[in-house]
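Working notes for the structure below.
The values are calculated or read from the model by the stated rules, or taken from the named source; none is laboratory data. What you are looking at is a predicted structure, and each value in this text was computed from that prediction instead of being measured. Quick reminder, even Gly has a Cβ in these numbers, built from the backbone with ideal geometry, and neighbours come from all protein chains shown. Surface accessibility is based on the protein's heavy atoms, side chains included, excluding ligands, DNA and RNA. Shrake-Rupley method; radii C 1.70, N 1.55, O 1.52, S 1.80 Å.
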Amino acid sequence: MHTCPPPRKQLRKWLTEYSTVVSNYGHILFEEKASVDDDTRLALTPYFESAHLDARECFHKLARISLHPDGDEPGCDGQYPTCLPLITRKGLFGEVMCGMISEAFELVGKHEWIIPVFLFRHHEDAGQYIYTLNRDPTRTREVIGRKGDDFIGIVLDEDGAIIRFIAGEAKWRATWNPSSVKTVMLGPIVASTEGGGEKRARADNGVWFELNRALSVPLGLEQLQRILIEREPEKFASVISSLDRILAHRSPVKVERTDLVLLVGGPPASRKPGQSLIEWEAMPKEYTAGRDLQVVEILIENGEDLITGLYDSLWAKEKAHAVK
């Protein structure tokens, strides 16, 4: 389970926050105060270990390797998530940051978000990759991303029942610019013959499209319940029971949903301090779902170095033990 609190003090030391709320639309821009140093990376590490622990146990069990492998025991080649390719790590980094920001900062609605567990165990291709890699260390390849919402957080009432959840969508780019933002949010430009003649237009399959058609009760809630039943059925009995009512086909209990969009990566070369990638003064017109919306931008230099150093350092003491 995820039990580590976010490193609030270090986050505020590392990032400058520009936050606005207009009706049911929240926008936060984070800029670096200084480049990431070892102190920042070390402060982030326990949270990332906590976020990945459930999936790590599942994937190591699938591959029949120990969580604490000895040097002469098979299974030191494919430890999760360290063994995953950089492009996959980037996606995981964004998903974990969704949770960290939700827990550490005030978002639209001023709710107290709780993340009992991250849903990384449902990253099917990562499990297949680790299983294979631990039997043939030469079988490295790209890993397909996990399907579904990038992360789920919940709000509980005084009885421990879910009354609201937040579903996050994280996107990483080494360098953001106006073109890449439009491509991510609206879809790529493609050829079209609609209306006669060949034209070029947006495919309309970007983040806004996916959010506008998102289910009011997504698969992520079903996945969350299954993990809670397996791992902590007594501690989260009220949550599990409320999910039964929310997930019911007949007369389900309505639960409010907040949408979160996180854009993380390098800032545009021509960007001025305080300038955001997505408008902040009013709800983006492309978003028509009618729910609470929170946009978060984290613009950092040398993000790939941070991700590489961070994921290489996860469970470092354990790996040192494995080498002995």
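Ranked from the most accessible area to the least, with a 1.4 Å probe and all protein chains present, what is the order of ILE166, ILE229?
Listed by decreasing accessible area, they come as ILE229, ILE166.
What relative contact order, as a whole-number percentage, does the chain give when Cα pairs under 8 Å and 6 or more residues apart are counted?
25
Pick from HIS122, HIS249, HIS27: which is most flexible by mean-square fluctuation in a GNM of the chain where alpha carbon atoms under 10 Å apart are linked?
Of HIS122, HIS249, HIS27, the most mobile in the Gaussian network model is HIS249.
Looking at the chain, what % of its DSSP beta bridges pair antiparallel, to the nearest 5?
If we restrict to bridges inside the chain, about 40 percent are antiparallel.
Which percent of the accessible heavy-atom area of the stretch 21-178 goes to carbon and sulfur, probe 1.4 angstrom?
48
Determine the gain in length on full extension of the stretch ARG250-SER19; use 0.36 nm per residue of separation and subtract their C-alpha separation, reporting nm with one decimal.
Result: 79.2 nm gained on full extension.
Give the peptides 258-266, 57-65 in descending order of average Cβ contacts within 10 Å, highest first.
Highest to lowest by the protection proxy: 258-266, 57-65.
Kirkwood Rh and Cα-based Rg: tell me the resulting Rg over Rh for the chain, rounded to two decimals.
Here the Rg-to-Rh quotient is 0.97.
Within the chain, which DSSP H helices have Cα atoms that stretch 20 Å or more along the helix axis and a mean Kyte-Doolittle hydropathy of at least 0.5?
Those that pass (Cα extent of 20 Å or more, hydropathy at least 0.5) are 86-104.
Sort PHE118, PHE236 by heavy-atom solvent-accessible area, probe 1.4 angstrom, most to least.
PHE236, PHE118
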